[in-house]
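Encoded as structure tokens, the structure appears first; notes follow it.
The values are calculated or read from the model by the stated rules, or taken from the named source; none is laboratory data. These figures come from a predicted structure and were not determined experimentally. We place every Cβ from the backbone using ideal geometry, glycine too, and count neighbours over all the protein chains shown. Note: accessible area is taken over every heavy atom of the protein model, side chains too, but ligands, DNA and RNA are not part of it. Shrake-Rupley method; radii C 1.70, N 1.55, O 1.52, S 1.80 Å.
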2 protein chains.
Amino acid sequence: MRDEKLLKKAISLMPKLIYKNVSPVGTDYQTKQLKKGDSIVLDFGDHQVGRLAFDLKAKGSHPDAPAYLRLHFAEREIELTENPKEYNGWVCASWIEEEYIHVDVIPSTVKLPRRYAFRYVKIEVLDISDKYKIYFDNVVCTSESSADDTKLVALNTTNELHKSLDKVAIKTLHDCMQLVFEDGPKRDRRLWIGDLRMQALANYETYRNYELVKEGLYLFGALTNDEGRVGACIFLEPEPEVDDTFMFDYSLFFINILLDYYRKTADLQAVKDLWHVCKRQIELAMNNLDDNYVVADSDKLGWCFVDWNLGLNKQGSAQGILLYALEAAIELAQIVEDVLVEEEYAQYYLQIKTSANKFLFDSENGVYISGSITIILKH
Amino acid sequence: MRDEKLLKKAISLMPKLIYKNVSPVGTDYQTKQLKKGDSIVLDFGDHQVGRLAFDLKAKGSHPDAPAYLRLHFAEREIELTENPKEYNGWVCASWIEEEYIHVDVIPSTVKLPRRYAFRYVKIEVLDISDKYKIYFDNVVCTSESSADDTKLVALNTTNELHKSLDKVAIKTLHDCMQLVFEDGPKRDRRLWIGDLRMQALANYETYRNYELVKEGLYLFGALTNDEGRVGACIFLEPEPEVDDTFMFDYSLFFINILLDYYRKTADLQAVKDLWHVCKRQIELAMNNLDDNYVVADSDKLGWCFVDWNLGLNKQGSAQGILLYALEAAIELAQIVEDVLVEEEYAQYYLQIKTSANKFLFDSENGVYISGSITIILKH
């Protein structure tokens, strides 16, 4: 389903990106003249999310053939020694940040149109004619983020380790804050609800960019599947669209993210706008219970995320997450003064909690486990 | 030397390119859905010089990773079976028409900015995620040329072989006629004086684009080396500049090209504008004679082109080409009514011709040869 009113509001909340030009550090790269087979590594001093531009210049005769270059971007220098052709993981290799480009006119300014997440870039001269050598000038990365460092709340501590951890955490958050909270700016680059929940919480203690959280909530609320289920992630391009991945826990997290947001902003209008989306998620989750008020287990891979371990049984966790979401939904019902729903959810909460204790609690180990694992353990 | 007045006139003569959209033939490529490792070959039916654009579309889930494609352009289909990495010739490999591109947004329209000379293009899917397949739609090559086919003079013949030869020749000329007469639109792509001379003659019998010849003459006249020598070729980008290659015969051909042009157009102003350039080329060539009025031989590779055989001695040919240029210069002197120069050149002509017969004529074989070869033969 596509709620145009909510979508319009989401798009109006999309931030303006803040751009910053960063130059390579600690190298006199401009003096290095390169011939066929030569290469140069540039270090931008810190992790960047942005676009690369440079002037490509020549020494010698007028360039009489294009320069054929390979650019390889890397977050850590050691990546530059790796051959992308040997990569064989399950993440699509098209995310590897390498480009082969021909530059026809030298001198000229080359602007790479794509965005990269990197600190280092290695530029190899695959081929030029022997009538000239090339060198680089005015290399610049135009970094982009919607995080405004002037609004950053300082961490109040004298603990140096905590300071260091905080610095890395904030840099990571900064680089993920783009037109939406991206799960990661290097690959995927999407708004995932599991990431949004944690990024929003970290953001409340640091950049306090409430609009970016609100935008995310309205996007997920506007773009659901045919039965109104909140999706696991949203694509922005070529136009905003929900992915066809839906997960039991991710859909429910929408409710908790909305409550967290309300607690920080007291934005009652947003809760009113999105309350029907929350109710629909509870309804869909309740449809997934068995007669004993236990979340039905499933052998469908990824039906409930919880953890990257896809082989792990998720039933017990799903039961807990439903309770976590119900608790938030009850508070939101109070906020929008939906008394009947509040009472209904309170009853659900008690029944589901009782069932968890009855069917999913492993008293021997003192943990909640899944029903099916219990069965497996009994075998 | 850079004559701004001549250069300005040259640039004002630069033609408007004529664009034509050409679609692939004989294939329902739109129906072919491609996954990682698949490829497709598109045939544009005839040789094209132009730029490629296409819509890249997806079937399946929303694309969740870029499409990484390799495009390989070929004039003949057999080239597509060749691996550019195995190429080891002396022409710079950066001319090989292949590209590796990432397409981040699908569906989207992809426009390749570079110009290619090709009939076939092979597109390989190096990597996409397994959540979708891709297919191509609205593939178009926007061909470009300054040759206007509506102005083409028909060949008056009933000989089918001559018709076929003429068709190929005209197509070749058409594809070389760009902002200047290019030596070839696939690689190099420059205005060379040796090519200009022959292309101009072919053009007079076909497209009759006199301005394109005139532009070439003014470019060569405007951009000479420090001593006023006409260069072997001209670069247009980033701004018009003469190459640092100069050849005895190529500099002299300027005179013959100007005379051929005048004979077709009666453009007296052009002859007047460029007459001093012609005189300087004769002067420089005369400085290259020995006391016997024989062109001094040289072991400098490429001092005089004549032929691609770099090992061939060029002295005898150079003597002949100087006579050929002097003959044209004498006629141009008459045209601009430069009587003193006409008489001077007539004297040179007699002396140089006499010397050729005396020192370079091999009466046994009835051919003119080089002095040094004669010596070698005598050993």
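In region B:78-98, what count of residues is obtained for those that are within 7 Å of chain A (Cβ to nearest Cβ) and not in a helix (DSSP H, G or I)?
In the first step, residues of region B:78-98 are kept if they are within 7 Å of chain A (Cβ to nearest Cβ); the result is B:92-95.
Right, trim to not in a helix (DSSP H, G or I) and you get B:92.
Residues meeting the conditions: 1.
Of these, B:Leu322, B:Leu326, B:Leu312, which one is closer than 26 Å to B:Ala232 by Cα, free of Cβ contacts under 8 Å to residues at least 40 places away in the same chain and within 32 Å of the chain's Cα centre (by Cα)? Working first, answer last.
On the way: B:Leu322 fails: free of Cβ contacts under 8 Å to residues at least 40 places away in the same chain; B:Leu326 fails: free of Cβ contacts under 8 Å to residues at least 40 places away in the same chain.
Step by step, each of B:Leu322, B:Leu326, B:Leu312 is checked, and only B:Leu312 is closer than 26 Å to B:Ala232 by Cα, free of Cβ contacts under 8 Å to residues at least 40 places away in the same chain and within 32 Å of the chain's Cα centre (by Cα).
Give the residue that is farthest from B:Thr245 (Cα to Cα), with candidates limited to residues of region B:293-309 that are without any contact (Cβ under 8 Å) to a residue 24 or more places away in the chain and under 23 Å from the mean Cα position of the chain (by Cα).
Residues of region B:293-309 that are without any contact (Cβ under 8 Å) to a residue 24 or more places away in the chain, as a first pass: B:296, B:298-301, B:307-309.
Pick out the ones that are also under 23 Å from the mean Cα position of the chain (by Cα) and you get B:301, B:307-309.
Details: B:Leu301: 11, B:Asp307: 15, B:Trp308: 15, B:Asn309: 17 Å.
For region B:293-309, the residue satisfying everything is B:Asn309.
Can you find, within region B:13-28, the residue that is farthest from B:Asp55 (Cα to Cα) among those that are hydroxyl-bearing (Ser, Thr, Tyr) and open to solvent by less than 90 Å² (accessible area, probe 1.4 Å)?
We begin by selecting, within region B:13-28, every residue hydroxyl-bearing (Ser, Thr, Tyr); these are B:19, B:23, B:27.
Subset that is open to solvent by less than 90 Å² (accessible area, probe 1.4 Å): B:23, B:27.
On the way: B:Ser23: 13, B:Thr27: 16 Å.
Residue satisfying both the conditions and the ranking: B:Thr27.
Could you list, in sequence order, all residues of region B:306-329 that are modelled with pLDDT under 95 and either open to solvent by 20 Å² or more (accessible area, probe 1.4 Å) or among the aromatic types (Phe, Trp, Tyr) (or both)?
Of all residues in region B:306-329, those modelled with pLDDT under 95 come to B:306-317.
Scanning region B:306-329 gives B:Val306, B:Asp307, B:Trp308, B:Asn309, B:Leu310, B:Gly311, B:Leu312, B:Asn313, B:Ser317.
Which residues, taken from region A:143-174, are open to solvent by less than 40 Å² (accessible area, probe 1.4 Å) and among the hydroxyl-bearing types (Ser, Thr, Tyr)?
A:Ser143, A:Ser145, A:Ser146, A:Thr157
With the structure loaded, tell me whether A:Ala74 is open to solvent by less than 20 Å² (accessible area, probe 1.4 Å) and in contact (Cβ under 8 Å) with a residue 60 or more places away in the chain or whether it fails that test. If you could, list the steps in order and put the result at the bottom.
On the way: open to solvent by less than 20 Å² (accessible area, probe 1.4 Å): yes; in contact (Cβ under 8 Å) with a residue 60 or more places away in the chain: no.
No; evaluated as a whole, the condition is false for this residue.
Quick check on A:Ala147: is it over 30 Å from B:Asp243 (Cβ atoms), within 14 Å of chain B (Cβ to nearest Cβ) and within 34 Å of the chain's Cα centre (by Cα)? Step through it out loud before you land on a result.
Values: over 30 Å from B:Asp243 (Cβ atoms): yes; within 14 Å of chain B (Cβ to nearest Cβ): no; within 34 Å of the chain's Cα centre (by Cα): yes.
So A:Ala147 does not fit the description; no.
Would region A:124-141 turn up any residue that is among the polar types (S, T, N, Q), at pLDDT 95 or above, outside the structural domain of A:Val230 (by TED's automatic domain parsing) and at positive phi?
yes
Scanning for something away from chain A (no Cβ under 14 Å) and either in a strand (DSSP E or B) or not charged (D, E, K, R) (or both), does region B:56-64 turn up at least one residue?
Just the residues of region B:56-64 that are away from chain A (no Cβ under 14 Å), to begin with: none.
No.
Among the numbered criteria (1) within 14 Å of chain B (Cβ to nearest Cβ); (2) surrounded by 19 or more Cβ atoms within 10 Å (Cβ to Cβ); (3) among the β-branched types (Val, Ile, Thr), which one does A:Val277 miss?
Failing condition for A:Val277: (1).
Are any residues in region B:175-188 out of contact with any strand residue (DSSP E or B) (no Cβ under 8 Å at 6 or more places or on another chain) and either surrounded by 21 or more Cβ atoms within 10 Å (Cβ to Cβ) or at pLDDT 95 or above (or both), and if so, which ones?
Of everything in region B:175-188, those that are out of contact with any strand residue (DSSP E or B) (no Cβ under 8 Å at 6 or more places or on another chain) and either surrounded by 21 or more Cβ atoms within 10 Å (Cβ to Cβ) or at pLDDT 95 or above (or both) turn out to be B:Cys176, B:Leu179.
Listed residues A:Lys167, A:Lys186, A:Lys122; which is away from chain B (no Cβ under 14 Å) and either out of contact with any Leu (no Cβ under 9 Å at 6 or more places or on another chain) or part of a helix (DSSP H, G or I) (or both)?
On the way: A:Lys186 fails: away from chain B (no Cβ under 14 Å); A:Lys122 fails: either out of contact with any Leu (no Cβ under 9 Å at 6 or more places or on another chain) or part of a helix (DSSP H, G or I) (or both).
The match here is A:Lys167.
Run B:Tyr345 past the list (1) at pLDDT below 90; (2) surrounded by 16 or more Cβ atoms within 10 Å (Cβ to Cβ) and report the number of the one that doesn't hold.
Status for B:Tyr345: all satisfied but (1).
Working carefully through the options B:Arg70, B:Arg114, find the one that is modelled with pLDDT of 95 or more, closer than 28 Å to B:Arg190 by Cβ and at the interface with chain A (Cβ under 8 Å from one of its Cβ atoms).
Numbers: B:Arg70 fails: at the interface with chain A (Cβ under 8 Å from one of its Cβ atoms).
Every option except B:Arg114 fails the conditions.
State whether the residues of region A:93-113 include one that is open to solvent by less than 20 Å² (accessible area, probe 1.4 Å) and without any contact (Cβ under 8 Å) to a residue 12 or more places away in the chain.
There is at least one residue in region A:93-113 that is open to solvent by less than 20 Å² (accessible area, probe 1.4 Å) and without any contact (Cβ under 8 Å) to a residue 12 or more places away in the chain.
Does A:Leu223 satisfy being within 13 Å of chain B (Cβ to nearest Cβ) and not small (Gly, Ala, Ser)? Outline the logic, then answer.
Values: within 13 Å of chain B (Cβ to nearest Cβ): yes; not small (Gly, Ala, Ser): yes.
For A:Leu223, the condition - within 13 Å of chain B (Cβ to nearest Cβ) and not small (Gly, Ala, Ser) - is met.
Filter region A:189-203 down to the residues that are assigned to a helix (DSSP H, G or I), of a type outside the set (Val, Ile, Thr) and surrounded by 18 or more Cβ atoms within 10 Å (Cβ to Cβ) and list them by number. Walk me through how you get there before you give the answer.
Going residue by residue through region A:189-203, those that are assigned to a helix (DSSP H, G or I) are A:193-203.
After this cut, where a residue has to be of a type outside the set (Val, Ile, Thr) as well, the list is A:194-203.
If the condition is that a residue be assigned to a helix (DSSP H, G or I), of a type outside the set (Val, Ile, Thr) and surrounded by 18 or more Cβ atoms within 10 Å (Cβ to Cβ), then A:Asp195, A:Leu196, A:Arg197, A:Gln199, A:Ala200, A:Asn203 are the ones that fit.
Give A:Asn288, A:Asn365 a once-over and let me know the one that is open to solvent by 70 Å² or more (accessible area, probe 1.4 Å) and among the polar types (S, T, N, Q).
Details: A:Asn288 fails: open to solvent by 70 Å² or more (accessible area, probe 1.4 Å).
Among A:Asn288, A:Asn365, only A:Asn365 is open to solvent by 70 Å² or more (accessible area, probe 1.4 Å) and among the polar types (S, T, N, Q).
Could you tell me how many of the residues in region A:115-134 are closer than 20 Å to A:Pro63 by Cα and open to solvent by less than 40 Å² (accessible area, probe 1.4 Å)? Give the derivation first.
The initial filter retains those residues of region A:115-134 that are closer than 20 Å to A:Pro63 by Cα, namely A:123-134.
Cutting the leftovers down to open to solvent by less than 40 Å² (accessible area, probe 1.4 Å) gives us A:123, A:125, A:127-129, A:132, A:134.
Looking only at that region, the number is 7.
From (1) open to solvent by 90 Å² or more (accessible area, probe 1.4 Å); (2) of a type in the set (A, V, I, L, M); (3) modelled with pLDDT of 95 or more, pick out the condition that doesn't hold for B:Met1.
With (1) open to solvent by 90 Å² or more (accessible area, probe 1.4 Å); (2) of a type in the set (A, V, I, L, M); (3) modelled with pLDDT of 95 or more applied to B:Met1, the lone miss is (3).
Taking the condition out of contact with any Phe, Trp or Tyr (no Cβ under 6 Å at 6 or more places or on another chain) and more than 19 Å from A:Pro66 (Cα to Cα), does B:Leu173 pass?
Values: out of contact with any Phe, Trp or Tyr (no Cβ under 6 Å at 6 or more places or on another chain): yes; more than 19 Å from A:Pro66 (Cα to Cα): yes.
Answer is yes for this residue.
B:Thr31 - would you say it is open to solvent by 70 Å² or more (accessible area, probe 1.4 Å), modelled with pLDDT of 95 or more and away from chain A (no Cβ under 14 Å)?
Working: open to solvent by 70 Å² or more (accessible area, probe 1.4 Å): yes; modelled with pLDDT of 95 or more: yes; away from chain A (no Cβ under 14 Å): yes.
Yes.
Could you please let me know if B:Asn83 is outside the structural domain of B:Arg189 (by TED's automatic domain parsing), under 30 Å from B:Gly231 (Cα atoms) and surrounded by fewer than 19 Cβ atoms within 10 Å (Cβ to Cβ)? Talk me through it step by step, then tell me what you get.
On the way: outside the structural domain of B:Arg189 (by TED's automatic domain parsing): yes; under 30 Å from B:Gly231 (Cα atoms): no; surrounded by fewer than 19 Cβ atoms within 10 Å (Cβ to Cβ): yes.
Considered against the rule, which asks whether it is outside the structural domain of B:Arg189 (by TED's automatic domain parsing), under 30 Å from B:Gly231 (Cα atoms) and surrounded by fewer than 19 Cβ atoms within 10 Å (Cβ to Cβ), B:Asn83 comes out as no.
Only one of (1) under 16 Å from A:Leu289 (Cα atoms); (2) modelled with pLDDT of 95 or more is not met by A:Leu360, so which one is it?
Single failed check for A:Leu360: (2).
Residue check: is B:Arg51 under 20 Å from A:Leu126 (Cβ atoms), touching a Leu at 6+ places or on another chain (Cβ under 9 Å) and open to solvent by 20 Å² or more (accessible area, probe 1.4 Å)?
Numbers: under 20 Å from A:Leu126 (Cβ atoms): no; touching a Leu at 6+ places or on another chain (Cβ under 9 Å): yes; open to solvent by 20 Å² or more (accessible area, probe 1.4 Å): yes.
No.
Evaluate region B:242-259: report whether one residue or more is over 25 Å from B:Lys300 (Cβ atoms) and part of a helix (DSSP H, G or I).
Of region B:242-259, the ones over 25 Å from B:Lys300 (Cβ atoms) are B:258-259.
Then drop every residue that is not part of a helix (DSSP H, G or I), which leaves B:258-259.
Yes, some residue in region B:242-259 is over 25 Å from B:Lys300 (Cβ atoms) and part of a helix (DSSP H, G or I).
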